[in-house]
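Asks: Attaching a single structure in structure tokens format; questions to follow.
The values are calculated or read from the model by the stated rules, or taken from the named source; none is laboratory data. What you are looking at is a predicted structure, and each value in this text was computed from that prediction instead of being measured. Cβ placement follows ideal geometry from the backbone for every residue including glycine, while neighbour counts extend to all protein chains displayed. Accessible surface areas use protein heavy atoms only, side chains included; no ligands, DNA or RNA. Shrake-Rupley method; radii C 1.70, N 1.55, O 1.52, S 1.80 Å.
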Amino acid sequence: MARCLLRRLGLVLPALWLVSVLIFALAEIVPGDVARTILGPYATPDQAAALRHQLGADRPVPVRYAAWLGSFVIGRWGDSMVLHRPVRPFVLARLRNSLALAVIALVCVIPISLGLGIVAGLNEDRLVDTAISLIGLSLTAIPEFVSGVIVLVVFGVQLGWFPIIAQPPAGAGLVERLHDLLLPSIPLMLVLFGYIARMARAGMVEVMASDYIRTAVLKGLPLRYVILRHALRNALLPTITVIGSQVGWLVGGLVVVETLFTYPGLGKLIYDSAVGHDVPVLEATALLVAAIFMLSNLTADLLVALLNPRIRYSD
Amino acid sequence: MDAAPPRVGGRPVLGRLMRSAAVLAGGAVVVFWVFAALEWRVITPYDPFAVGPAHPLASPSRVHWLGTDDLGRDVLSRVLAGAAPVLTIAPAATLLSLLGGTTIGLVAGFHRGLLDDVLMRLVDAVMSLPVIIPATVVLALVGRSTTNVILAIAVLFSPLVARTVRSAVLVEREREYVDAARLRGDRSFYIMFFEILPNVTSPLIVEGTIRLGYAVFTAGTLSFLQLGIQPPSPDWGLTVAVERAFVQIAPWTVLAPALALASLVIGVNLAADGVRRALAE
């Protein structure tokens with residue numbers, strides 16, 4: 001188990017390195033130019049060349065990549081080429097904002113979707129199951145910006161319960177923050193709901209049809225006891241893996257939701273820095289997103305191993 | 001004997017009935033939007049591109065059923081015409097990913113060996129990505145256009161198709177008809193595409209319908225992020241992004257295209273669910 005974990009962790013670093021190379025290469029082969037982004041369309045070629053020189057953007061690509069990588073690994077993430085601010089505190093603040101949004105979404109959606117998925121699984125093919133499955137299937141299929149705009153119009157504009165722009169002031173308290181973030185987190189929850197509920201349902205259906213559950217029921221144990229003590233433990237294993245991979249997918253949703261609600265998070269940043277060819281910011285943001293993504297998958301696998309002795313003791 | 005889960009009462013008839021009704025409704029919605037995408041020039045009450053400076057942001061009325069947008073254009077006409085871009089991009093991307101994925105899956109599954117290993121590692125890597133992120137980064141850096149959106153979706157989706165095809169091919173290649181074809185001296189290209197491919201069509205169709213649902217989702221999202229088609233296109237995602245600024249004074253301008261896209265994705269997914277169940281039985 002420990003060896004397996006080490007091997008998985010060992011794969012994370014080369015993967016991150018590959019991501020950094022890919023982004024650097026992509027940013028270089030394209031016609032866009034950071035000097036143009038900063039100076040706008042009316043600058044003379046000389047001015048643009050001078051700025052490129054000042055930014056160090058006129059050195060050969062491998063030299064710049066090596067210089068960037070060398071300082072990145074020792075914690076110097078450089079300055080944003082567009083905003084002229086150090087990248088690290090800026091990106092980390094954005095990360096905190098996005099984490100707050102993601103945590104709210106996950107804390108609300110996991111219990112609800114697990115609960116409804118289990119109910120559906122226990123009522124296979126009956127009306128409750130069909131209703132939950134169809135609603136889940138439909139909600140999961142709707143892009144975040146669509147459900148986001150609908151809740152924005154209903155709860156933000158018509159009812160006026162929530163702000164339509166999620167930018168809590170600097171000294172905002174927890175309640176105020178939650179109030180601002182609830183609306184943007186709803187689209188994220190709707191997309192996750194269907195996936196998690198479907199996995200929980202499938203796990204439940206499979207386990208309830210197994211021999212050991214039949215034995216438990218036939219020997220007269222109360223149904224509630226069979227479900228809680230015997231079934232859930234096995235039924236939810238695949239679901240945990242799915243939740244882990246969905247955390248990664250959540251980041252994709254963050255790009256959309258943060259754009260819609262103009263919320264200063266990591267998703268908006270990855271979009272803005274890619275559009276603005278701001279390579280230091282883009283690299284830092286993309287690597288953070290990739291690292292979170294890989295670690296959440298790894299954590300899910302670890303949790304499954306902890307819950308399942310058959311995996312824990314093999315290898 | 002199967003150990004059925006303990007039932008407390010009631011029979012699954014109602015549930016099944018609801019499912020078939022949902023499949024039919026989903027199919028009808030898809031047919032409607034395909035019709036709108038093909039014939040919007042005929043059925044739109046106004047020219048979706050004609051600006052009307054006299055009445056910007058007019059609320060829904062008898063004259064303009066769904067109101068007008070910030071440039072005074074008729075929202076209903078733009079919503080009907082807006083079916084065309086997404087119903088071009090999503091099917092085109094799906095078809096390309098099916099072509100690419102089928103070829104990769106057939107070759108990998110049939111030849112196995114090192115090629116299969118390398119391809120499947122690559123597939124695992126692409127599959128684990130949250131599609132929107134790489135698509136956003138690549139499109140923002142490389143350039144925004146409809147063609148690039150189609151290519152990006154096709155490239156990101158074909159590994160998923162490849163995996164499905166490969167696992168079907170792994171079963172088929174052990175069958176007797178493949179042995180017979182080999183003994184007959186058929187070339188492996190012929191065996192792959194003319195012997196095995198016809199036998200893996202049903203998982204391929206199911207995969208195609210599922211991918212189509214995701215392609216509509218992704219195409220809409222990339223349009224919303226303004227990484228694909230540009231104004232003045234009536235594309236739904238783009239319209240939501242552009243009219244977002246007027247959400248407080250004219251919510252109908254964003255609500256109409258949003259609900260249109262919601263109905264299309266739900267329709268496609270319900271229909272896909274029906275196809276999957278029909279082919280599984």
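Asks: Look through segment A:140-165, keep the residues that are modelled with pLDDT under 90 and under 18 Å from the mean Cα position of the chain (by Cα), and return whichever of them is farthest from A:Leu114 (Cα to Cα).
Replies: Only one residue fits best here, namely A:Ala141.
Asks: For the list (1) surrounded by fewer than 23 Cβ atoms within 10 Å (Cβ to Cβ); (2) more than 10 Å from chain B (Cβ to nearest Cβ); (3) more than 17 Å from the chain's Cα centre (by Cα), I need the number of the one condition that A:Asp272 fails.
Replies: Among (1) surrounded by fewer than 23 Cβ atoms within 10 Å (Cβ to Cβ); (2) more than 10 Å from chain B (Cβ to nearest Cβ); (3) more than 17 Å from the chain's Cα centre (by Cα), A:Asp272 violates only (2).
Asks: Looking only at residues that are without any contact (Cβ under 8 Å) to a residue 60 or more places away in the chain and at the interface with chain B (Cβ under 7 Å from one of its Cβ atoms) in segment A:132-156, which one is surrounded by the most Cβ atoms within 10 Å (Cβ to Cβ)?
Replies: A:Val146
Asks: Residues in segment B:57-90 that are within 30 Å of B:Ala152 (Cα to Cα) and charged (D, E, K, R): how many?
Replies: 1
Asks: Please work out which residue is nearest to the chain's Cα centre (by Cα), limiting yourself to segment B:110-135 and to residues that are assigned to a helix (DSSP H, G or I) and of a type outside the set (A, V, I, L, M, F, W, C).
Replies: Applying the first criterion (assigned to a helix (DSSP H, G or I)) to segment B:110-135 yields B:110-111, B:113-127, B:132-135.
Now restrict to residues that are of a type outside the set (A, V, I, L, M, F, W, C): B:111, B:113, B:116-117, B:121, B:124, B:134.
Values: B:His111: 30, B:Gly113: 33, B:Asp116: 27, B:Asp117: 29, B:Arg121: 25, B:Asp124: 21, B:Pro134: 18 Å.
Only one residue fits best here, namely B:Pro134.
Asks: Now for a different question. Scanning for something open to solvent by 20 Å² or more (accessible area, probe 1.4 Å), part of a loop (DSSP other than H, G, I, E, B) and polar (S, T, N, Q), does segment B:82-92 turn up at least one residue?
Replies: For segment B:82-92, residues open to solvent by 20 Å² or more (accessible area, probe 1.4 Å), part of a loop (DSSP other than H, G, I, E, B) and polar (S, T, N, Q): absent.
Asks: Next up: Checking the conditions here, which among B:Val107, B:Val155, B:Val149, B:Val169 is open to solvent by 60 Å² or more (accessible area, probe 1.4 Å), modelled with pLDDT of 90 or more, in a helix (DSSP H, G or I) and in contact with a helix residue (DSSP H, G or I) (Cβ under 9 Å, 6 or more places away or on another chain)?
Replies: Values: B:Val107 fails: open to solvent by 60 Å² or more (accessible area, probe 1.4 Å); B:Val149 fails: open to solvent by 60 Å² or more (accessible area, probe 1.4 Å); B:Val169 fails: open to solvent by 60 Å² or more (accessible area, probe 1.4 Å).
B:Val155 is the lone residue from the list that is open to solvent by 60 Å² or more (accessible area, probe 1.4 Å), modelled with pLDDT of 90 or more, in a helix (DSSP H, G or I) and in contact with a helix residue (DSSP H, G or I) (Cβ under 9 Å, 6 or more places away or on another chain).
Asks: Taking segment B:110-123, which residues are closer than 18 Å to B:Phe194 by Cβ and buried (at least 17 other Cβ atoms within 10 Å of the Cβ)?
Replies: Here is the first cut: in segment B:110-123, the ones closer than 18 Å to B:Phe194 by Cβ are B:110-111.
Hit for segment B:110-123 is B:Phe110, nothing else.
Asks: Return the pair list, or none, for Cβ contacts closer than 7 Å from residues in segment B:23-35 that are in a helix (DSSP H, G or I) to residues that are among the charged types (D, E, K, R), at least 6 apart or on different chains.
Replies: These pairs meet every condition: B:Val23/B:Asp273.
Asks: Which residue out of A:Val87, A:Val91 is touching a Leu at 6+ places or on another chain (Cβ under 9 Å) and crowded, with 16+ Cβ neighbours inside 10 Å?
Replies: The conditions single out A:Val91.
Asks: Going through segment B:45-63 one residue at a time, which ones are crowded, with 16+ Cβ neighbours inside 10 Å and within 18 Å of B:Trp236 (Cα to Cα)?
Replies: Within segment B:45-63, B:Tyr46, B:Pro48, B:Leu57 qualify.
Asks: Another question, if that's okay. Taking segment B:36-68, which residues are over 24 Å from B:Ala245 (Cα atoms) and acidic (Asp, Glu)?
Replies: Matches in segment B:36-68: B:Glu39 only.
Asks: Further question: I'm told B:Arg182 meets every condition in (1) closer than 30 Å to A:Leu18 by Cα; (2) loosely packed, with under 15 Cβ neighbours inside 10 Å except one. Can you identify the failing condition by its number?
Replies: Condition not satisfied by B:Arg182: (1).
Asks: Identify, please: which residue in segment B:19-44 is surrounded by 16 or more Cβ atoms within 10 Å (Cβ to Cβ) and within 11 Å of another protein chain (Cβ to nearest Cβ) and is, among those, modelled with the highest pLDDT?
Replies: Checked segment B:19-44; the qualifying residue modelled with the highest pLDDT is B:Gly26.
Asks: Here's a follow-up. Restricting segment B:245-258 to residues that are in a helix (DSSP H, G or I) and not aromatic (Phe, Trp, Tyr), which is most open to solvent (accessible area, probe 1.4 Å)? Full working, then the answer.
Replies: Let us first name the residues in segment B:245-258 that are in a helix (DSSP H, G or I), namely B:245-246, B:252-258.
Subsequent filtering for residues that are not aromatic (Phe, Trp, Tyr) retains B:245, B:253-258.
Values: B:Ala245: 83, B:Thr253: 3, B:Val254: 0, B:Leu255: 47, B:Ala256: 18, B:Pro257: 3, B:Ala258: 1 Å².
So, considering only residues that are in a helix (DSSP H, G or I) and not aromatic (Phe, Trp, Tyr), the one most open to solvent (accessible area, probe 1.4 Å) is B:Ala245.
Asks: Quick check on A:Ser98: is it open to solvent by less than 30 Å² (accessible area, probe 1.4 Å), on the phi < 0 side of the Ramachandran plot and within 11 Å of chain B (Cβ to nearest Cβ)?
Replies: For A:Ser98, the condition - open to solvent by less than 30 Å² (accessible area, probe 1.4 Å), on the phi < 0 side of the Ramachandran plot and within 11 Å of chain B (Cβ to nearest Cβ) - is not met.
Asks: Can you give me the number of residues within segment B:251-281 that are over 13 Å from A:Ile150 (Cβ atoms), of a type in the set (Gly, Ala, Ser) and within 10 Å of chain A (Cβ to nearest Cβ)?
Replies: 2
Asks: Return the total of residues in segment A:260-269 being assigned to a helix (DSSP H, G or I) and surrounded by fewer than 24 Cβ atoms within 10 Å (Cβ to Cβ).
Replies: Here the count works out to 1.
Asks: Among (1) open to solvent by 20 Å² or more (accessible area, probe 1.4 Å); (2) modelled with pLDDT under 90; (3) not small (Gly, Ala, Ser), where does B:Val242 come up short?
Replies: Going through (1) open to solvent by 20 Å² or more (accessible area, probe 1.4 Å); (2) modelled with pLDDT under 90; (3) not small (Gly, Ala, Ser) one by one, B:Val242 breaks only (2).
Asks: Please specify each residue of segment A:188-219 satisfying the condition of being open to solvent by less than 30 Å² (accessible area, probe 1.4 Å), away from chain B (no Cβ under 11 Å) and in contact with a Pro (Cβ under 8 Å, 6 or more places away or on another chain).
Replies: Passing the criteria: only A:Gly203.
Asks: Among the candidates A:Val128, A:Val191, single out the residue that is touching a Phe, Trp or Tyr at 6+ places or on another chain (Cβ under 9 Å), in the same structural domain as A:Met208 (by the TED database) and under 24 Å from B:Val265 (Cα atoms).
Replies: Criteria check complete, one pass: A:Val191.
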